[in-house]
Amino acid sequence: MPRPRPRPAPDASPSESRKVSPLAITVGVLAVLVIGLVVASEVWTKYLWMDQLEYTDVLTTRWGTQVVLFLGGLVLFAVPLFLSLRLAYTKRPVYPPVTREQEALEQFRAAVDPLRRGLTYGAPVVIGAFGGLALSRRWQDVQLFLHPQEFGQTDPIFGNDISFYVFTLPLIDMVISFGQFVLLVAIVGAIIGHFIYGGVSWGQESGLEVVRAARRHLGVLAAIYVVLLGAGHWFQRYDLLTAAHPRFEGASYADVNAILPAQTILAIASLAVAALFVVWIFRSDWRIPAIGAGLMILSTLVVGNLYPWAVQQFQVQPNERALEQEYIQHNIDATRAAFNLDTIEEVPYTASTDAEPGALRADASTTAQIRLMDPNIIAPTFEQREANRRYWGFDEPLSVDRYEIDGELQDTVIGVRELRPDTFGLADRSWVDQHIIYTHGYGTAAAYGNRRNADGEPSFLQSGVPGQGAFGEYEERVYFGRYSPNYSIVGAPEGSEPEEFDYQRGGADEEEGGEQVYNTFTGDGGPSVGGFVNQLLYAIKFRDPNIVISGYLNEESQILYDRDPQQRVREVAPFLSLDSQMYPAVVDGELVWVVDGYTTTTEYPYAQSVDLDTTVNDSQTNPNDTAANRERSANYMRNSVKATVNAFDGSVTLYTWDTEDPILQAWSEVFPDALRPPSEISGELMSHLRYPSDFFKAQREILSTYHVSVADDFYTQQDFWQVPPDPTVAAPQNPDGSTGEQDPQPPMYLTMQMPGDESPRFMLSSSFIPSEGQNVLTGYLAVDSETGSESGNPAESFGDMSLLVLPASNPVNGPGQVQATFNAEPNVSQALNLLQSGNSEVINGNLLTLPVGGGLLYVQPVYLQSSASGGGTQYPLLQMVLVSFGDRIGFAPTLDEALDLVFGGDSGASAGDAEVTDSDAPSGTADTETGEGTVEEDGGDEGSGDGGQATTGDGTAQERLDAALADMDAAVADAEAAMAEGDWTAYGEAQDRIADALNRALAANEELGGGALGSPSDGGEG
């Protein structure tokens, strides 16, 4: 055997000192300065932004926790790895065995040795930094662990309070997983180091050889690692309560009776295996750790996998319905509690289908408030009539709210007149235009939800710039909104010449007529950029040197940025998920954006999870637009916070809403100054708060299956429901040409009186149809969204939820069937044909469902809009209302008339548009059971579907049709010219001429057989 050779001593000769040149020093200093400025442009500006909002406690607490976690993760990761590498070198054998394999390693050792010090110190720091970053992302789990709150409810398996699973267990799991990974990396580093330096060797003749120092080192690390594996097995028993299964979430029969005891056995076995590694430290026999590792693997395969599989296959599956009932019931009870559905009132509702005269008399208040203005349709009308200038615009869809008008609450469709850089090419203008002059929008426009004007336009209760109407005086300037520029620089010393464009009196645009009014921002809306340092930092942040060099900045200048209200709330309350919708409200002399915030978790034992992106999706909501503002999934959800963002100065106020929510209570301890008590909510603000739509969507998603509250019935899945697709929106086309799946129908905010209630309330409602089979109505869900107007106290009935359950023995058409009937009914088609000219299209509005008259009433407004090919002004006008009750259909220019037609000439109630008269528009009825129906046109001429005989005039019918169409084209051109010039008197006269020409054209068209003007659209997109 060859004699071992001593390891050569490292070269101890000192390296020659190198003189650093002044150029290198200069470059280094400049590099440090540049890096410092770039970091400061993010860190310091973020602090300035939060300081201006007075939420620095949120920022410092978050940053402080993340820094501690980062440093802790760095140390916990770097130290074990460093010690492993260091010990592998310092405890290396002086005379490593010389074998053929070691001969091959000798050259590698010589090559690595010059890099040894850098690797020993650098690798742990670099890898530890990644570990610290991963740990710092869990700062919320750490803070919740430090501030646990009791739920007052226990899980059905272990009897632990729910708080253990929500606040404690996530951090325990994180620490165990992190520790296991740290030990695994340290073990790998130790094995590599000992192998390189001879502490661990392998020879074909000698086999595996481990020197005593290496054995002790590896034995200690392996023992700790196996103990952590045992701890993981122990706490995985509790994780079973959120395990996913095909039918439900939570621990199943096999989980409780097989996997749970198996995890306990594995935890104990881990301690035994760890003891074997400790024995190996003192006894040089490699078979000891081999036996330990084999025992661990064998017990995991047999106890942890094979035994639970056998129980599931041979005991559970043949008797699944009986054995899983107990655990399915746990899932049902926990899910309903986690989504606040355990107090829902389920009411059997046998809907009448007989449209008897006077049937709506008891629902007169509901009938009067039925909303005809579809917020998803009339945004272009608001744009045309109220935007006033091309640089302003409204969001789509508009918002629905209620305001007190003449002493009564009135459903209202409201929009904010925001500055729209995306629609008038602000990015193509000068820097001064982009950031100094065009800084804000102006005011709101609002219309009655239940009324229309004679020409089909909304009946505005607030309009104009400056605004006039029911809202009175308030701060109308909108510096903070969804479409605000990325940053604006505002403010100036008192007495300075205003630079910000405010609005323009008269004229069509700033180049033609009208006096331009300018303004100077007087609020406190952003960090100061009056000094050079802040100007430099923000110039770096926005990569825009003009912030430093522009002469428009002064000592009072402020910079407004991050202006989206939802983004601002998310920044000051990072622990909240936000509703996909925000809505404006004029309260206490200010315009504010209201944002609903949720506390969520995925750790509620036995509760079913929902995918929030899928849940919030409907025909009016694209979940991708707001995905960054919420968690991806949740199995517990509460509307815990109501937030407001002032549209003028951007100030954010967070109000505690659900005071009993333990998660919010925990965050209130973490950020004691961030949340205000509900007692500070003013009465006027309270009157505009509402039940949030995304929470309601999550609840209706859960109720589509969890309305079945008995485990045995739940197992069969025979009575599961779904939210109906929105029938007013065409199904998308897939790339392969097939028809895609329609988006669900959105929930509707309506003022109505539920069956059994004493008065109408502002409600949020939705309907259900079977998950499979016919499109018939199976359930109707509504929640009381009326908060009242008492300061600090929402109405006692707020949040009360009712589910009307319709019997299968008395089917009522679902929304899809009703829409299909509207589209196919010949009398309805004839009436729409009479309305429609060759250059217009029909747009179906939202299909409303209301439980009135002892049955279910469907109401759909129908709009007419000039087509793109027609060249006219493209905005929708309400021209007809379709109504369905049972087998009866009515259609008329007004809802009031359509209801009377359906209910035998007298519905017993008056709709909001009862004062509107349009004797020239068609109306009629249809009975889907008998096929009978009538169409009345031109003031009462009645036909059976072939059209009534119109009054004749001079010339042939074709000549009169051509003349009427020519007159209409001329009148449309005059109307557009009048609108461009702001001459509303001339515009009204032109509209009258259009109406007269339309009536003459329709009459002539009927004489020609009804085909000269083309056929109506099948509904278009709604």
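Summing +1 for each Lys or Arg and -1 for each Asp or Glu among the other residues whose beta-carbon sits under 12 angstrom from that of Pro156 gives -3.
Just to confirm my numbers, what's the Cα centroid distance between the stretch 370-395 and the stretch 777-840 in Å? So the two Cα centres are separated by 23 Å. A Förster distance of 22 Å, applied to the separation of the beta-carbon atoms of Asp422 and Gln516, puts the FRET efficiency at 0.45.
List the residues of the stretch 719-745 whose backbone N lies under 17 Å from a point placed 7 Å from the Cα of Glu772 along the Cα-to-Cβ direction. Inside the label zone: 719-723. Starting from the Cα gyration tensor of the stretch 785-852, take the square roots of the eigenvalues, sort them a ≥ b ≥ c, and report rounded, prolate or oblate (rounded when a/c is under 1.5, otherwise prolate if a/b is larger than b/c, else oblate). Taking the square roots of the gyration eigenvalues as a ≥ b ≥ c, the stretch 785-852 is oblate.
Projecting the Cα atoms of Ser910, Val79, Pro498 onto the charge dipole of the chain (Cβ charges, centred on the Cα centre) puts Val79 farthest toward the positive pole. Packing, as the average of other Cβ atoms within 10 Å across residues, places the peptides 471-480, 780-789 in the order 780-789, 471-480, highest first. In this simple spin-label approximation, Ser21 and Thr930 carry label points 7 Å from Cα along the Cα→Cβ vector, and these lie 10.4 nm apart. The mean sequence distance of close C-alpha pairs (under 8 Å, at least 6 residues apart), as a share of the length of the chain, puts its relative contact order at 11 percent. Counting 0.36 nm for each residue step from Arg543 to Ile192 and taking away their Cα separation leaves a gain of 121.7 nm. Working note: 222 nm ellipticity from helices only, DSSP H runs with n ≥ 4, each -39,500 (n - 2.57), summed and divided by the residues of the chain, gives -12000 deg cm²/dmol to the nearest 500. Of (i) 58; (ii) 27; (iii) 42, which one was derived for percent of Cα pairs over 49 Å apart from the structure shown? Label of the calculated value: (iii).
Cβ-Cβ distance of Val278 and Thr602, R₀ of 35 Å, FRET efficiency by 1/(1 + (r/R0)^6): the value works out to about 0.40. Based on Cα contacts under 8 Å between residues 6+ apart, the stretch 374-562 shows a relative contact order of 17 percent.
Extension gain, Arg116 to Asn257, is 45.5 nm, computed as 0.36 nm per intervening residue step minus the present C-alpha separation.
Once the C-beta distance of Ile291 and Arg247 is scaled by a Förster radius of 35 Å, the resulting FRET efficiency is 0.25 to the nearest 0.05. With the simple model of a label 7 Å out from the Cα in the direction of the Cβ, Ala966 to Glu497 spans 5.5 nm.
Counting every other Cβ atom within 10 Å of each residue's Cβ, Trp63, Trp657, Trp667 order from fewest to most as Trp63, Trp657, Trp667.
Nearest-5 percent of antiparallel DSSP beta bridges in the chain? For the chain, the DSSP antiparallel bridge percentage is about 95.
If a spin label sat at a point 7 angstrom from the Cα of Ile265 along the line to its beta carbon, the backbone N atoms of the stretch 303-336 nearer than 15 Å would be those of 303-312. Residues His245, His233, ranked from the fewest to the most other C-beta atoms within 10 Å, line up as His245, His233. When each of Lys46, Lys642, Lys19 is scored by the number of other beta-carbon atoms lying within 10 Å, the sequence from fewest to most is Lys19, Lys46, Lys642. Comparing Cα centroids, the stretch 648-714 and the stretch 137-206 end up 33 angstrom apart. Listed peptides 969-978, 316-325 appear in the order 969-978, 316-325 once ranked by packing, highest mean of other Cβ atoms within 10 Å at the front. What's the local net charge at Phe282, with K and R +1, D and E -1, over the other residues with C-beta under 14 Å away? Residues close to Phe282 contribute a combined charge of +3. Computed from Cα atoms, the angle from the helix 693-706 axis to the main principal axis of the chain rounds to 80 degrees.
Where a number appears in this text, it was derived from the coordinates with a stated rule and is not lab data. Computed from a predicted structure; not experimentally measured. Positions of Cβ are backbone-derived with ideal geometry, glycine not excepted, and every protein chain shown enters the neighbour counts.
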